[in-house]
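K.L.:
Sending over a structure as structure tokens; questions will come in a sec.
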């Protein structure tokens, strides 16, 4: 099946079965618009949405600001699908790193490495209002969230976290040991700290 609005709608319906029909349609059109336009601007996203509805922008804005649409409720479905699709071993290999989004916005991401790319599982965007939060706590909360989501759907699987030297601190290592997460952390140069079964 080629990439189209219908393909995205079918995939979104399969991934997130708890969404209402209108929520599913709006989410799938949003995903299709973002991928097609390579833009985060709502006015550009809705231009490529099929149909001649002149109120597409208003409809999409209402969907994004709807307090009943909670992205955190969809995380379990997303993580479960990604692991089933891309992780066939007993160990789920993930990488964690900080990146900067357009507008100089910091984002922490945990992703599945796949053919030289990364499939995002969870991410945390640090807004100006969150800037007083500790970077260490943000990292630990995101890892803990992933550990909990994996335990729900895959109690027999273990996480293997890979990260660069920016994460090579004693408190994170203690936290990972406590959570039962396997890890490979670069400390400096080619020196690694590892914990395997």
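Read-outs: derived from the displayed coordinates by stated rules, not from any lab. The shown structure was predicted, so the numbers you read here are calculated from the model rather than taken from an experiment. Here Cβ is always computed from backbone atoms with ideal geometry, including for glycine, and neighbour counts include all displayed protein chains.
K.L.:
What is the Rg over Rh value, at two decimals, for the stretch 1-93, using alpha-carbon atoms and the Kirkwood definition of Rh?
P.N.:
Taking Rg over the Kirkwood Rh, I get 1.01.
K.L.:
Under a plain spin-label model, where a point goes 7 Å from the Cα along Cα-to-Cβ, how far apart in nm are residue 101 and residue 14?
P.N.:
So the label points at residue 101 and residue 14 sit 2.7 nm apart.
K.L.:
What is the fewest-to-most order of 94, 8 by other Cβ atoms lying within 10 Å of their Cβ?
P.N.:
In order of increasing Cβ crowding within 10 Å: 8, 94.
K.L.:
Considering only 41, 76, 19, give the residue with the highest GNM mean-square fluctuation for the chain, with springs between Cα atoms whenever their separation is below 10 Å.
P.N.:
Looking only at 41, 76, 19, the largest GNM fluctuation is found for 41.
K.L.:
Taking springs between alpha-carbon atoms closer than 10 angstrom, which of 149, 161, 57 fluctuates most in the Gaussian network model of the chain?
P.N.:
Per the Cα network of the chain with a 10 Å cutoff, 57 tops the list.
K.L.:
Run the numbers on the chain and let me know its relative contact order in percent, using alpha-carbon pairs under 8 Å that are six or more apart.
P.N.:
Relative contact order for the chain comes out at 13 percent.
K.L.:
In deg cm²/dmol and to the nearest 500, what is the mean residue ellipticity at 222 nm of the chain if only DSSP H runs of at least 4 residues count, each as -39500 (n - 2.57), divided by the residue total?
P.N.:
Helix-only estimate at 222 nm: -14000 deg cm²/dmol.
K.L.:
Tally the DSSP beta bridges in the chain and give the antiparallel ones as a percent, rounded to 5.
P.N.:
Bridges in the chain that DSSP calls antiparallel: roughly 70 percent.
K.L.:
For each of 85, 145, count neighbouring Cβ atoms within 10 Å of the residue's Cβ, then give the residues from fewest to most.
P.N.:
Ascending Cβ contact count within 10 Å gives the list 85, 145.
K.L.:
In addition: Can you tell me how much longer the chain between residue 2 and residue 55 gets when fully stretched, taken as 0.36 nm per residue apart minus their C-alpha distance, in nm with one decimal?
P.N.:
16.3 nm
K.L.:
Using 0.36 nm times the number of residues separating residue 127 and residue 47, minus their current alpha carbon distance, what extension gain do you get?
P.N.:
26.0 nm
K.L.:
For 84, 9, 132, which order do you get if you count the other beta carbons within 10 Å of each Cβ and list the fewest first?
P.N.:
132, 84, 9
K.L.:
What is the mean projected area of the alpha carbon convex hull for the stretch 71-195, to one decimal in square nanometres?
P.N.:
Across all orientations, the stretch 71-195 yields a mean hull projection of 8.4 nm².
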